[in-house]
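Undergrad: My questions all concern the structure below.
The values are calculated or read from the model by the stated rules, or taken from the named source; none is laboratory data. Only a predicted model underlies this, so the values are computations on that prediction, with no experimental measurement involved. Backbone-built Cβ (ideal geometry, glycine too); neighbour counts: all protein chains shown. Surface accessibility is based on the protein's heavy atoms, side chains included, excluding ligands, DNA and RNA. Shrake-Rupley method; radii C 1.70, N 1.55, O 1.52, S 1.80 Å.
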Amino acid sequence: MITTPRYTEHLASISDRSAALRAAAAAAPDLAVTVPGCPAWTLRDLLVHVGHVQRFWALIVAAGPAEQPVRYDNTAAVSGDVLLWSAAATEELLAALRAADPERGCWTWWDYSGEPQTVGAVARHQVQEAAVHAVDAQQAAGLPAELPAEVALDGIAEFIALEHDDSWPHAPALITLASTEGRSWQLELGKPGPDAAQAVLTAPAAELLLTLHRRHPVPADAPLLTDLVAWPTLD
């Protein structure tokens, strides 16, 4: 099995951010509190969602190359201690990832994007799943949001690659996302010419990523950025 340092870092981040999610949930006064980033959910719902997601992708990774996803019932009820169930789901995902070659192909939903459809790409995406939902749990519990800069920087790049396609429904535009950590991304939307509308959003990487995921507000005087954030479906 080929294991690159980057892949190992992804696995460590999945473990760390999943643990942070559970720690925030355990610190909350009640698992019935509403999650601000997902207002239709309680903290318990959030734990169940992430657990089902992690178990689903564990099966996907174990199945190897496939044209269709495996069958998985993500509506199955959870009995017993949901925090223990969540921890077991994370370990199930990590065990599947540890046992697989990160270069091996597998089914993914981002076949349209041109990004790799591999075990390594799944691990990378699952870092973001756990990281953003850990922030959701922290906000629900009334705790400070924590999102490591290195995770956020990779998350921005991945979000742009997977969520932004050629279907920009507005006038051509040029948008720059600039992190205070020194990395930036220029989005050319709708084949912008020299007179295209432009906007720049500068912020720490964690804030940029949470803005893209609609967990942090867009500046009120930036309609172009509002259009950008509202564009992806984010199912």
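Undergrad: Assuming Leu153 fulfils every condition listed in (1) assigned to a loop (DSSP other than H, G, I, E, B); (2) out of contact with any Gly (no Cβ under 6 Å at 6 or more places or on another chain); (3) surrounded by 15 or more Cβ atoms within 10 Å (Cβ to Cβ); (4) not polar (S, T, N, Q) apart from one, which condition is it?
TA: Unmet condition: (1).
Undergrad: Among the candidates Ala99, Ala121, Ala87, single out the residue that is touching a helix residue (DSSP H, G or I) at 6+ places or on another chain (Cβ under 8 Å) and open to solvent by less than 50 Å² (accessible area, probe 1.4 Å). Quick ask: steps written out before the conclusion?
TA: On the way: Ala99 fails: open to solvent by less than 50 Å² (accessible area, probe 1.4 Å); Ala121 fails: touching a helix residue (DSSP H, G or I) at 6+ places or on another chain (Cβ under 8 Å).
One residue alone meets the criteria, Ala87.
Undergrad: For His52, which of the numbered conditions (1) in contact with a helix residue (DSSP H, G or I) (Cβ under 7 Å, 6 or more places away or on another chain); (2) open to solvent by less than 40 Å² (accessible area, probe 1.4 Å); (3) in a helix (DSSP H, G or I) fails to hold?
TA: (1)
Undergrad: What are the pairs, 6+ residues apart or on separate chains, where a residue within region 75-101 that is touching a residue at least 60 places away in the same chain (Cβ under 8 Å) and part of a loop (DSSP other than H, G, I, E, B) has its Cβ under 7 Å from a residue that is open to solvent by 20 Å² or more (accessible area, probe 1.4 Å) and of a type outside the set (Ser, Thr, Tyr)?
TA: Filtered contacts from region 75-101: Asp101/Met1; Asp101/Ile2.
Undergrad: Here is a follow-up. Is it true that Pro29 is farther than 24 Å from Cys106 by Cα, loosely packed, with under 15 Cβ neighbours inside 10 Å and of a type outside the set (A, V, I, L, M, F, W, C)?
TA: Details: farther than 24 Å from Cys106 by Cα: yes; loosely packed, with under 15 Cβ neighbours inside 10 Å: yes; of a type outside the set (A, V, I, L, M, F, W, C): yes.
Judged against the criteria, Pro29 is a match.
Undergrad: For Val53, state whether it is touching a residue at least 60 places away in the same chain (Cβ under 8 Å), within 16 Å of Ala131 (Cβ to Cβ) and of a type in the set (Val, Ile, Thr).
TA: Working: touching a residue at least 60 places away in the same chain (Cβ under 8 Å): yes; within 16 Å of Ala131 (Cβ to Cβ): yes; of a type in the set (Val, Ile, Thr): yes.
Taking the combined requirement at face value, the residue satisfies it.
Undergrad: Kindly indicate whether any position in region 57-67 is in contact (Cβ under 8 Å) with a residue 12 or more places away in the chain, at positive phi and in contact with a strand residue (DSSP E or B) (Cβ under 9 Å, 6 or more places away or on another chain). Outline the logic, then answer.
TA: So in region 57-67, the residues in contact (Cβ under 8 Å) with a residue 12 or more places away in the chain come out as 57-67.
Narrowing the set further to residues that are at positive phi leaves 64.
From what's left, in contact with a strand residue (DSSP E or B) (Cβ under 9 Å, 6 or more places away or on another chain): 64.
Yes.
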